[in-house]
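The values are calculated or read from the model by the stated rules, or taken from the named source; none is laboratory data. Fair warning: this is a prediction, and the values are worked out from it, not measured in the lab. As a convention, Cβ positions derive from the backbone with ideal geometry for all residues, glycine included, and neighbour counts pool all protein chains shown.
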2 protein chains.
Amino acid sequence: MEDWILEGYKSRAWAGETSEAQEGKTLTLFGWSFRFRDQGGVIFVDLRDRTGILQVVLRKEILGENFAAAEKIRSEYVIAVRGTLRKRDAESINPKMKTGTIELVADQLIILNQAKTPPFSLDEFEEISEENRLKYRYLDFRRDELKNRMLKRHEFVFAIRNYLNSRKFVEIETPILNKSTPEGARDFLVPSRLNPNSFYALPQSPQIFKQILMVGGMERYFQIVKCFRDEDLRADRQPEFTQLDMEFSFVSQEEILAEIEGLFSQVMKDVFSLEFKGPFSRMPYKQAMEEYGSDKPDLRFGMKLVDVSEIVKNSDFQVFAGAVANGGVVKAVCVPGGSVISRKEIEDLTAWLNRDYKAKGLAYMKHGAEGLESTITKRFTPEALSKIASAVGSKEGDMVFFGADEREIVNHSLGALRLKLSERFDKPAEGSFHISWIVDFPMFEWNKDSKRWDSLHHPFTSPGDSSLEIFSSEERLQKDAGNALAKAYDLVLNGVEIGGGSIRIHSKDVQTRVFSTLGIGPEEAKEKFGFLLEALEYGAPPHGGIAFGIDRILMLMTGGKSIRDVIAFPKTQKGVCLMSECPSEVEEKQLQELKLRLIKV
Amino acid sequence: MEDWILEGYKSRAWAGETSEAQEGKTLTLFGWSFRFRDQGGVIFVDLRDRTGILQVVLRKEILGENFAAAEKIRSEYVIAVRGTLRKRDAESINPKMKTGTIELVADQLIILNQAKTPPFSLDEFEEISEENRLKYRYLDFRRDELKNRMLKRHEFVFAIRNYLNSRKFVEIETPILNKSTPEGARDFLVPSRLNPNSFYALPQSPQIFKQILMVGGMERYFQIVKCFRDEDLRADRQPEFTQLDMEFSFVSQEEILAEIEGLFSQVMKDVFSLEFKGPFSRMPYKQAMEEYGSDKPDLRFGMKLVDVSEIVKNSDFQVFAGAVANGGVVKAVCVPGGSVISRKEIEDLTAWLNRDYKAKGLAYMKHGAEGLESTITKRFTPEALSKIASAVGSKEGDMVFFGADEREIVNHSLGALRLKLSERFDKPAEGSFHISWIVDFPMFEWNKDSKRWDSLHHPFTSPGDSSLEIFSSEERLQKDAGNALAKAYDLVLNGVEIGGGSIRIHSKDVQTRVFSTLGIGPEEAKEKFGFLLEALEYGAPPHGGIAFGIDRILMLMTGGKSIRDVIAFPKTQKGVCLMSECPSEVEEKQLQELKLRLIKV
């Protein structure tokens, strides 16, 4: 290797960091030929490295016989150049380029490697199919979009670690090879060769280990850690994803929320120059469900669900009156400017809400010049119509939609409608953010199929102080379980749940009552949660924690369309890596060692 | 919860951080009752939290009816106390305790949780069986030894990230669900439910992904990442372990070594207050093998292997003369003070070296008052004996051992003997460290079984500049492959290989020649390394990297006996977690979903 290159390795300059201040300096750069134009005797190459682009001028009169190399340069060739940094002539200044006022006039050039023509353009403005971006991920990394997201990701997790370290949190690695849990979402299993017919499971979260660490007195734990879930993959799911996992001892919910607000404010400011000042707004779960039909409401826009049961319960419109009479509700949503929605569109919306949310119908009224009007308005008194308009705040040009059914169906279906129509009628501004805690979750949720109570969060979640009364006796609990609130909290950003957690139970009595409410007897509890239950008996401190989806947060903050946009090497929705072509078949010998046989499909 | 506790949650004091400067202040502390003594009317409790211990004085006259709670306190009860910090009376000062001059006189006390009596003492001086420490890991965490190692581990990886971030390295997460490789050490397999009969593999290292990132122009990558190997577990192996993985573009070996020296010096200074100043010493692989019989020599002590073939080749001792005549060597090691080794011990050593290293025998001579003496010394001239003594540097009271065999057997067996006897005769001082690079590894190693060349490192390792000549033609390479040196390097600390890496091949021509030397044709290369080979054609920069075993480094630096001592939740040598009892059987339903059947054992 030539001396000037070895010298350059030691003290290279970075393209994106060159500036007019270096005028006249001799610099050595390394990178890729991003664009080039041959003007006969002089060749201009935009040299690109990780930090940016610098124009390199290759002149025959300077390079001499080395100019032959310059003539061979093609797109994405890897080159080393040495030269003098100059200001450009006024007419060749490129104001769109960060280094558009300067260029490097080369006196040395070497082609370090050639490149085949890439299967797609690396230009930032080109729209490339995701399939190609995943298959040729090494080329996608050379495009600003993915590269900048990876750099932001690094900055983001680095800033998190810095902050948490300063707050006495200790990062501790928990195992990837774990025990399979009998229930819950699906585990990935890993057969053990040393222990045939036995399996490890990849962790869905380090929940039990972090509670163990609290029992162990580590007091403040965090980890940025891979978790795994073998589910059918939706747009925003990956078989492996990254969590910020945290657990604290000797805290109440207030300290945890305050700590997280401190973390977020600092990191969002440092990494994204955004102000997220605490305390964040808080909304009880019940309010979120009633007013937004969701436990993760997007609060960047309005279109609240308004209960109009009282107004319509005595109307002649049997669909409304009957729903209320049967113990259900009637709610309305006003879509600003929504009167342009066509009858055909409403039919499609109705079919969708019926299919996905079991909503029997979708009544609607336009707000015209004379107030609310529709085929059904004659069933209501003018006073009732005027009360509805005023309750939902509609004005001329708006559309009001109604749901009339069991409370749950109304909330879910109108909540979904609200979200869908916001894309067209109340679209939040690009780059706007709204963050909020959802609190006061119910402890239990009635499972109609198994006819028993399920945990809404998980069975170690502590009841709220105001609900402790309910746990004072077995009878009271059986009657009132549905009213018990939990010390659980979710953090919601722009309608996406980015994190959630709870205070855990550390009292054996309360734990036993919660188990019995869930229909889990002592035997079953031992089998399912054995070593954690045992650990709780050896001096467990009051503790609680939270976990965040790093991929989701980054997707929202960098404007990605899916979490695949912020993961270096993601899988497709079928769980396949298009670049390495995994998963794949393995050799019979390997299966034999694992004492496994395939059931051929 | 009482107000003073909620207040305390917001502004607790930490036991180990209290000091005389806080005298007279009201403090609230939380923690565990580590030791207690009841003196009737006054109870002393050593309250322990993560930071240390503070003595709490519980007086009946102050606590009133709350004193009843104090009387219930037992070992490892979880307590909250509020009180006033006081200097102790002169006679109760404990100079062995960091907070031995102060105590907290409590005015509030609550037992937050009870604890069963731990199955072992948490005292730092107690020797606990590893089995118990693993099973009750949550109690082991409360002991200083494990707790401090975990805190150091956090500090260590935090310092690494800080340094690398300042040096433009970007942390990028590579997948845990990977493609299974057809060869190499054993993969853990993960069956895919979405793609039945197909498997992911857990990564043995992110090698291919990090090279892909270099092709992608990320230039400086690192990751602190879990890697996996399904091997029979030795003392210093775990099925999952943590690596610091790095890769750089546009560098030669010199820049990589210098960068790592900078990293080590800084981190060792920050975390362990130790000076590891660069440049580190370097030793060629050949010298390490010849003089220490190991590619990871422990250079904290002497006892070098000395080649005495020339001295003994004409002796009457047929074992020596014959070995040399057959193309082998005779080497000697002087053990200082080793003349106390008994004949019985030597017999045991001989049997061990025969069993594990195929050494046919172990000749020896004591250095007595008259020089070297032994049953065999009469076969040597006095001049020869004196030359041997002077070559190995023996003096009265030493023992000289000999190996006479093929070079490889002699090096390996005497290297092992050297290590074993150093524990007794040339033991390095506690807390002494020696770090060294091993460089100039051979590219290839002749495999006697398959009768072909294997890569010593991996097939993407670049030849050294001085060996490029050998790769100039196919014929030359076939003849001279054994002499080709690689741009590969290992970092050795106290006889443990803590890291290794290489410059990678980025030229297609050299890569093709290396493959053909290894007997890998184009078809096989494509099947094994397909997407990486394809990537290398799209503009791969010169690049290289290195990976470090975080667990091993921490074990050495914190005086652990095995890497289990620095891993929060390790597996046993059978790959079992004694706390969670994994791996375990799974339900038939799960196997059916994965389209798997067990071969019962």
- Query: When the residues of the stretch A:28-43 are filtered to those that are farther than 17 Å from residue A:117 by Cβ and touching a residue at least 40 places away in the same chain (Cβ under 8 Å), which remaining residue is surrounded by the most Cβ atoms within 10 Å (Cβ to Cβ)?
  - Reply: A:31
- Message: What's the number of the only condition in (1) out of contact with any Gly (no Cβ under 7 Å at 6 or more places or on another chain); (2) surrounded by fewer than 21 Cβ atoms within 10 Å (Cβ to Cβ) that residue B:58 fails to meet?
- Response: (2)
- Note on the structure: Among residues of the stretch A:187-204 being in a loop (DSSP other than H, G, I, E, B) and under 31 Å from the mean Cα position of the chain (by Cα), the residue nearest to the other protein chains (Cβ to nearest Cβ) is A:188
- Checking A:248, A:209, A:228 in turn, the sole residue that is at the interface with chain B (Cβ under 7 Å from one of its Cβ atoms) and not β-branched (Val, Ile, Thr) turns out to be A:209
- Note on the structure: Scanning the stretch B:236-275 for residues that are closer than 18 Å to residue B:551 by Cα and not in a helix (DSSP H, G or I) gives B:236, B:237, B:238, B:239, B:240, B:241, B:242, B:243, B:244, B:245, B:246
- Item | Residues that are touching a Leu at 6+ places or on another chain (Cβ under 7 Å), more than 8 Å from chain B (Cβ to nearest Cβ) and of a type in the set (A, V, I, L, M, F, W, C), drawn from the stretch A:554-588 | A:556, A:566, A:578
- Message: Looking at A:214, A:150 in this structure, which one is surrounded by 17 or more Cβ atoms within 10 Å (Cβ to Cβ) and either in contact with a Ser or Thr (Cβ under 8 Å, 6 or more places away or on another chain) or in a loop (DSSP other than H, G, I, E, B) (or both)?
- Response: A:214
- So is residue A:551 at pLDDT 95 or above, assigned by the TED database to the domain that holds residue A:157, within 24 Å of residue A:171 (Cβ to Cβ) and among the acidic types (Asp, Glu) or not? yes
- Item | Residue pairs meeting the criteria (Cβ under 7 Å; at least 6 apart or on separate chains; first within 7 Å of chain A (Cβ to nearest Cβ), in the stretch B:589-601; second loosely packed, with under 15 Cβ neighbours inside 10 Å) | B:595/A:599; B:595/A:601; B:596/A:599; B:597/A:597; B:597/A:599; B:599/A:597
- Note on the structure: Considering the stretch A:560-588, residues that are small (Gly, Ala, Ser) and free of Cβ contacts under 8 Å to residues at least 24 places away in the same chain, and then whichever is surrounded by the fewest Cβ atoms within 10 Å (Cβ to Cβ), we arrive at A:584
- Message: Among the residues in the stretch A:175-184, are any more than 7 Å from chain B (Cβ to nearest Cβ), assigned to a helix (DSSP H, G or I), at pLDDT below 95 and more than 30 Å from residue B:232 (Cβ to Cβ)?
- Response: no
- Message: I'm trying to understand the selection: among the residues of the stretch A:410-457, which are of a type in the set (Ser, Thr, Tyr) and surrounded by 17 or more Cβ atoms within 10 Å (Cβ to Cβ)?
- Response: A:413, A:422, A:436, A:455
- Across the stretch B:124-170, what is the number of residues that are among the small types (Gly, Ala, Ser) and in contact (Cβ under 8 Å) with a residue 12 or more places away in the chain? 1
- Go through (1) aliphatic (A, V, I, L, M); (2) surrounded by fewer than 20 Cβ atoms within 10 Å (Cβ to Cβ); (3) facing chain B (nearest Cβ under 10 Å) one by one and return the number of the condition residue A:134 breaks. (3)
- Query: Is the stretch B:153-161 home to any residue that is surrounded by fewer than 21 Cβ atoms within 10 Å (Cβ to Cβ) and either among the polar types (S, T, N, Q) or not assigned by the TED database to the domain that holds residue B:214 (or both)?
  - Reply: no
- Meets criteria (surrounded by fewer than 19 Cβ atoms within 10 Å (Cβ to Cβ) and either basic (Lys, Arg) or not assigned by the TED database to the domain that holds residue A:335 (or both)) for residue A:407: yes
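One line per residue, one yes/no per condition, for (1) out of contact with any Phe, Trp or Tyr (no Cβ under 6 Å at 6 or more places or on another chain); (2) crowded, with 20+ Cβ neighbours inside 10 Å; (3) within 22 Å of residue A:542 (Cα to Cα):
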site	(1), (2), (3)
B:51	no, no, yes
B:54	yes, yes, yes
B:66	yes, no, yes
B:71	yes, no, yes
B:99	yes, yes, no
B:128	no, no, no
- Task: Mind listing whichever residues of the stretch B:80-97 are under 43 Å from the mean Cα position of the chain (by Cα) and surrounded by 17 or more Cβ atoms within 10 Å (Cβ to Cβ)?
- Result: B:80, B:81
- Item | Residues of the stretch A:196-209 satisfying the condition of being within 30 Å of residue B:33 (Cβ to Cβ), surrounded by 24 or more Cβ atoms within 10 Å (Cβ to Cβ) and not hydrophobic (A, V, I, L, M, F, W, C) | A:206
- Query: Based on what the data block shows, is residue A:447 polar (S, T, N, Q) and touching a residue at least 24 places away in the same chain (Cβ under 8 Å)?
  - Reply: no
- Query: Is it the case that the stretch B:435-449 has a residue that's at pLDDT below 90, among the basic types (Lys, Arg), out of contact with any Pro (no Cβ under 8 Å at 6 or more places or on another chain) and on the phi > 0 side of the Ramachandran plot?
  - Reply: no
- When only residues in the stretch A:563-601 that are among the hydrophobic types (A, V, I, L, M, F, W, C) and in a helix (DSSP H, G or I) count, which is modelled with the lowest pLDDT? A:591
- Restricting attention to the stretch B:104-126, and to residues there that are touching a Gly at 6+ places or on another chain (Cβ under 9 Å) and of a type outside the set (A, V, I, L, M), which single residue is farthest from the other protein chains (Cβ to nearest Cβ)? B:107
